[in-house]
1. Counting just the residues of the range 40-66 that are among the acidic types (Asp, Glu) and within 24 Å of residue 90 (Cβ to Cβ), which one comes out most open to solvent (accessible area, probe 1.4 Å)?
2. Within the range 7-63, work out how many residues are closer than 28 Å to residue 110 by Cβ and β-branched (Val, Ile, Thr).
3. Scan the range 85-102 for residues that are over 18 Å from residue 58 (Cβ atoms) and among the polar types (S, T, N, Q) and report the count.
4. Criterion first (out of contact with any Pro (no Cβ under 8 Å at 6 or more places or on another chain) and buried (at least 16 other Cβ atoms within 10 Å of the Cβ)) does residue 35 satisfy it?
5. Can you tell me how many residues within the range 78-110 are loosely packed, with under 12 Cβ neighbours inside 10 Å and not in a helix (DSSP H, G or I)?
6. Any residue at all in the range 24-40 that is of a type in the set (A, V, I, L, M), free of Cβ contacts under 8 Å to residues at least 60 places away in the same chain and outside any helix (DSSP H, G or I)?
7. Among the numbered criteria (1) under 28 Å from residue 44 (Cα atoms); (2) touching a residue at least 40 places away in the same chain (Cβ under 8 Å), which one does residue 64 miss?
8. Where residues in the range 111-123 are more than 14 Å from residue 53 (Cα to Cα) and aliphatic (A, V, I, L, M), which of them is least open to solvent (accessible area, probe 1.4 Å)?
Amino acid sequence: MNRPDARELLEAARETLMNDVFPSMPENLRYEVLMIASAMGIAAREAKMGAGVSQYEVAAYKEVLPEAAAIDSASLESARKAMKDAIRAGSFDAPGQKQEQLQAVLQKAVLNALTISNPKVVPPSEGTR
């Protein structure tokens, strides 16, 4: 892989933007610069953690879904669609172990997504898998 990679480039560009450009920006453009810096941070975290988070989510859904659910094991979109279809079909309506497993998997998926999009809201002990 080439160095610097995409994540490193985004991090360096964001750091330059915030340390060198932002302080000299007129007040009326500061919000826009902060939004750009935020988007760069999200993109850098996605480049770093996105594949692992997606793999975890697909694997977790496969464990919880009924055997009849069709999942392309390489596709997060396919896994999410299968999960949505199973929930809509009532596969997890009955209280019990399956419902508790679903809740745990969905909670972890949300925490993983937040770790990428807004890590400040995720408690340190709840990081990605």
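The values are calculated or read from the model by the stated rules, or taken from the named source; none is laboratory data. This one's a predicted model, so the numbers in the text were calculated from it and none came from an experiment. Glycine also receives a Cβ, built like all others from the backbone with ideal geometry; neighbour counts cover every protein chain displayed. Heads up: the accessible areas ignore ligands, DNA and RNA and are worked out on the full protein's heavy atoms, side chains in. Shrake-Rupley method; radii C 1.70, N 1.55, O 1.52, S 1.80 Å.
1. Let us first name the residues in the range 40-66 that are among the acidic types (Asp, Glu), namely 46, 57, 63.
If we keep only those that are within 24 Å of residue 90 (Cβ to Cβ) as well, we get 57, 63.
Values: 57: 12, 63: 150 Å².
For the range 40-66, the residue satisfying everything is 63.
2. Qualifying residue count, the range 7-63: 4.
3. Here the count works out to 2.
4. Values: out of contact with any Pro (no Cβ under 8 Å at 6 or more places or on another chain): yes; buried (at least 16 other Cβ atoms within 10 Å of the Cβ): no.
Criteria not met by residue 35.
5. 5
6. Kept after step one, since they are of a type in the set (A, V, I, L, M), are these residues of the range 24-40: 25, 29, 33-37, 39-40.
Okay, now just the ones that are also free of Cβ contacts under 8 Å to residues at least 60 places away in the same chain, so 25, 29, 33-37, 39-40.
Subset that is outside any helix (DSSP H, G or I): 25.
The answer is yes; a qualifying residue exists.
7. Every listed condition holds for residue 64 apart from (1).
8. Looking at the filtered set, the residue picked out is 122.
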